[in-house]
Amino acid sequence: MRIEVFNYGAGNLFSIQAALRKEGAQTALTKDGKRLDEADALVLPGVGSFNPAAKMLPMQKILDAVDSGKPLLGVCLGLQLFLKKSEEGPGKGLSLFPGEVKKFRSSEVKVPQIGWNTLAVTRESPLTDGLDEESWVYYVNSYYPETKGKWVVATSKYGVEFPALVSAKNVHGTQFHPEKSGKAGSRVLQNFLRTVKR
């Protein structure tokens with residue numbers, strides 16, 4: 001199984017690749033998406049800013065791959081890039097889901113959110129299989145995806161309730177970092193890899 005991980009200057013390339021390899025996948029880095037046809041699945045990693053990442057991504061190639069049925073996983077910033085736009089700055093996302101990326105503004109919480117938080121599963125999906133109704137997952141984020149629909153399969157609360165995990169057909173995303181989330185994160189990555197055709 002070959003997973004193409006996009007390199008747009010994200011800071012957790014090593015950790016997400018190591019986590020995927022631990023679950024039995026082979027990984028390769030790509031910037032231009034020239035070898036997407038050879039990949040079994042795609043990953044947009046976390047850490048970074050919306051606009052620079054959006055500028056670097058080969059958007060149409062990713063959309064074509066998704067349309068062809070290739071599984072896509074977005075992590076943190078990667079999930080935020082599924083939406084159309086972000087308050088973090090200019091730039092257009094993939095528009096795979098409606099909504100936009102918002103900044104945490106509650107006076108009750110510190111920004112960014114750094115640390116463990118509970119994950120509440122709200123709907124069944126391939127990615128939530130085997131997860132406890134409330135699992136602990138690890139976050140590093142100042143922004144969150146504001147989107148509502150049946151694709152939102154788990155949420156977390158940090159001043160506001162926000163989508164923590166989305167899943168629709170072959171498109172999946174986690175606002176938390178599964179590679180840093182222990183047992184729950186490992187389970188999510190295992191579930192994603194099970195969706196990949198071999």
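The values are calculated or read from the model by the stated rules, or taken from the named source; none is laboratory data. No experiment lies behind these values; they were computed from the predicted model shown. FYI the Cβ positions are ideal-geometry reconstructions off the backbone, even for glycines, and counts take in every protein chain you see.
Annotations
- Residue in the stretch 66-76 that is without any contact (Cβ under 8 Å) to a residue 60 or more places away in the chain and either surrounded by fewer than 18 Cβ atoms within 10 Å (Cβ to Cβ) or over 28 Å from ARG187 (Cβ atoms) (or both) present: yes
- Per-region count, the stretch 2-56, residues on the phi < 0 side of the Ramachandran plot, among the hydrophobic types (A, V, I, L, M, F, W, C) and assigned to a loop (DSSP other than H, G, I, E, B): 3
- Count of the stretch 130-158 residues which are touching an Asp or Glu at 6+ places or on another chain (Cβ under 7 Å) and either of a type in the set (S, T, N, Q) or at pLDDT below 95 (or both): 1
- Every listed requirement among (1) under 21 Å from VAL43 (Cα atoms); (2) surrounded by 16 or more Cβ atoms within 10 Å (Cβ to Cβ) is met by TYR158 save one, (1).
- Taking the stretch 104-198 and the strands (runs of 3 or more DSSP E) fully enclosed by it, the elements with 1 or more residues that are in contact with a strand residue (DSSP E or B) (Cβ under 9 Å, 6 or more places away or on another chain) and within 18 Å of ILE16 (Cα to Cα) are at 113-121, 134-141, 161-168, 171-174.
- When residues of the stretch 103-129 are limited to those that are more than 16 Å from TRP151 (Cβ to Cβ) and among the basic types (Lys, Arg), the one modelled with the lowest pLDDT: ARG105
- PHE97 satisfies every condition listed in (1) assigned to a strand (DSSP E or B); (2) surrounded by 21 or more Cβ atoms within 10 Å (Cβ to Cβ); (3) of a type in the set (A, V, I, L, M, F, W, C) except (1).
Condition check ((1) surrounded by fewer than 13 Cβ atoms within 10 Å (Cβ to Cβ); (2) hydrophobic (A, V, I, L, M, F, W, C); (3) within 16 Å of the chain's Cα centre (by Cα); (4) within 21 Å of LYS197 (Cβ to Cβ)) across all residues:
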residue: GLU4; (1), (2), (3), (4): no, no, yes, yes
residue: ALA25; (1), (2), (3), (4): no, yes, no, yes
residue: GLY48; (1), (2), (3), (4): no, no, yes, no
residue: LEU81; (1), (2), (3), (4): no, yes, yes, no
residue: ASN117; (1), (2), (3), (4): no, no, no, no
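- Test: residue in the stretch 170-185 that is touching a Leu at 6+ places or on another chain (Cβ under 6 Å), closer than 19 Å to LYS85 by Cα, surrounded by 17 or more Cβ atoms within 10 Å (Cβ to Cβ) and of a type in the set (A, V, I, L, M, F, W, C): yes
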